[in-house]
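Chemist: Let me begin by handing over the structure; questions about it come next.
Any read-out appearing in this document is the output of simple, stated calculations on the displayed coordinates, not a laboratory observation. Predicted model, so just to flag it, every value in this text is computed and none were measured. All Cβ positions, even for glycine, are placed from backbone atoms using ideal geometry, and neighbour counts span all protein chains on display.
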Ligand code: ADP
Ligand code: MG
């Protein structure tokens, strides 16, 4: 078809099918200046024209504007209505993954789905440039070619024969533009594949309404980015957005057939379901049954979207932290769960990219010196899981943001005029190694791991993983690991004769997930989507009893063994336990399962090793209550002494502390804590003063 023929045909199309919508748009034009055009409407009207739109979008979209202008529709002020054409709903064969955007699609219309990882400020871009010849003063208006990636098109030679122009910005026309990067949605990836990304340019009224973390479908034209250096033949690509639609961010990507749904329901009825779940998590890793059970529950999570009548939202996501000795398969476990979870990101300590865990606003090359907002791992994985290895090594910015990200499940950014919030409805499975070699059960985690108590206490469960020398266990574990290696070798080489068929069968079974991972992903996704269990009175009674008992014990022994925050953790775990068997009621057994996990954790890290008492302050405050009581006592001692002396000597402190049963060695340790907390300071060695705000 000729261009003229397009215009005529498009005029008919818009007049017949979109006239009413154009007239409605005219009322608000130019505040509203985009017309959404459903591809299938064009296809019904004229299939040939529709094909042309797919393969020659530049020509057809330009002709469309001409066609609409020819209709002569005007707004109240009498301006001609010529909106942006936003094509939506491309045919299936043009819906692509980012990785499939090869050169075949250059300058063609494609649709891709993605999550925004970063986005720049909205900035003006030259649309029609006015140039003046520096010699004769002639003026040239040059429309800027859409296809050029930020390059300015200048006039060719001037009528006076020279070629030396000056751009006049005041007389040029600019439009808003914004650049972003999108990444393939995590739930569309299979088993821990690396997500691919692409740059996208937004113009005019598409700008200013999107944020990192948003999931979108874009219809756009694939274009080339010229190489920065001359004589380089390899180009980059970007998408020029024609339309953008926001998408829900859930698990809808995972397709479940009716047959699979039947299988899912059948598995849920299996009385061995919990054992099977545990045996489906990293079976090649020996032991850690409690940890694996906790992780299984975490994958399901608590009941979603619970909101109290006063508007308070309750976090359904379970956070788990593994702390402990190096070389105990923590990283391996995290990586396994990452591949298993229906939607997950893996962040490996230092290797984590610029945006880190939460979100940042920074000036960088991507924004060409302007501000770029970037979504971190917890934002990108919102609705799913984040595995964070070397959690103790997070950036100072993340350290500030992570409290809000874990509890309120959002990150707020207020920087350089940017004020925005991101959702982080993500459950965290984190691992950390101790600062000094090995984990010491006798000192509080906050002292050994570079994680403050305020962050530690936001985890629902914390598991210390100790590499204990235990001959019997060591032997079994060595057998397990070595057997796994042998079996893998036999299977690789298909060797016969090393062991009997039955033996091989038995050993393969030991290290094979009880539930096939692909199917388990679907099972989890199904449960998370459709099942939201409610607490029964029996479950409530059980949890209440456990809580009350621990609180009473605390009152009796002067510690705080459990806090209300952990009450919520117990509810989440119990809900997850019900969900794991697709139960819509949280039963007594679910409450018991949650309590058992909590008890196991308390036995491991919630015991003050000096007094043998259960004490959650070890985590929440960073020191057992017994010690904090002494810290406070010692501060009193120093304050008392300061009434008579300007500075206090260590000997004076030791002498007075003795009256309260605090011995010399302890004084040293307590003085360190007081100094670290900023309660006292030491103007000279051996001399102490109370910090002013404490006087
Ligand atoms: P971490 O992150 O705790 O420092 P890694 O995950 O890097 O440890 O594990 C170190 C190695 O030790 C891995 O190759 C892992 O397979 C092995 N390993 C340690 N503990 C176990 C275990 N319980 N079962 C199987 N392999 C183990
Ligand atoms: Mg590790």
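Chemist: Give me Rg/Rg_expected for the range 95-247, where Rg uses Cα atoms only and Rg_expected = 2.2 N^0.38 Å with N residues.
Modeler: 1.24
Chemist: Can you figure out the FRET efficiency of residue 503 with residue 421, using R₀ = 51 Å and their beta-carbon distance, to the nearest 0.05?
Modeler: Efficiency, rounded to the nearest 0.05: 0.30.
Chemist: Can you tell me what share of the DSSP beta bridges in the range 347-489 is antiparallel? A percent to the nearest 5 is fine.
Modeler: Numbers: 11 of 17 bridges.
Percent antiparallel among DSSP bridges in the range 347-489 is about 65.
Chemist: Calculate how many DSSP beta bridges within the chain are antiparallel, expressed in % of all such bridges and rounded to the nearest 5.
Modeler: The antiparallel fraction comes to roughly 70 percent.
Chemist: Give me the Kirkwood hydrodynamic radius of the range 258-493 in Å, from all C-alpha pairs, to one decimal place?
Modeler: For the range 258-493, inverting the mean 1/r across all distinct Cα pairs yields 19.8 Å.
Chemist: If you average the sequence gap of Cα pairs under 8 Å that are 6 or more apart and divide by the length of the range 547-623, what percent do you get for the contact order?
Modeler: 32 percent
Chemist: Continuing with the same structure: What nm value, rounded to one decimal, do you get for the distance between residue 642 and residue 46 when each label is placed 7 Å out toward the C-beta?
Modeler: 8.7 nm
Chemist: Measure out, as a whole number of angstrom, how far apart the alpha-carbon centroids of the range 415-461 and the range 1-80 sit.
Modeler: Spelled out, the Cα-based centre of one part sits 55 Å from the other.
Chemist: Measure nothing but the geometry: give the 0 to 90° angle between the long axis through the Cα atoms of 664-676 and the longest principal axis through the Cα atoms of the chain, rounded to 10°.
Modeler: For helix 664-676, the angle is close to 20 degrees.
Chemist: Expressed as a rounded percentage, what relative contact order does the chain have, with Cα pairs under 8 Å and six or more residues apart?
Modeler: 10 percent
Chemist: Just need the relative contact order of the range 1-88 here, percent rounded to a whole number, with Cα pairs under 8 Å and 6+ apart.
Modeler: Over the range 1-88, the number comes to 42 percent.
Chemist: Please report the projected area of the chain's Cα convex hull averaged over all directions, in nm².
Modeler: 45.6 nm²
Chemist: For residue 140 and residue 92, what is the calculated FRET efficiency with R₀ set at 41 Å and r taken between the beta-carbons, to the nearest 0.05?
Modeler: 0.35
Chemist: How much FRET efficiency would the formula 1/(1 + (r/R0)^6) give for residue 585 and residue 479, where r is the Cβ-Cβ distance and R0 is 41 Å, rounded to 0.05?
Modeler: 0.45
Chemist: So, one more: Determine the distance separating the Cα centre of the range 235-312 from the Cα centre of the range 564-592; give it in Å without decimals.
Modeler: About 16 Å separates the Cα centre of the range 235-312 from the one of the range 564-592.
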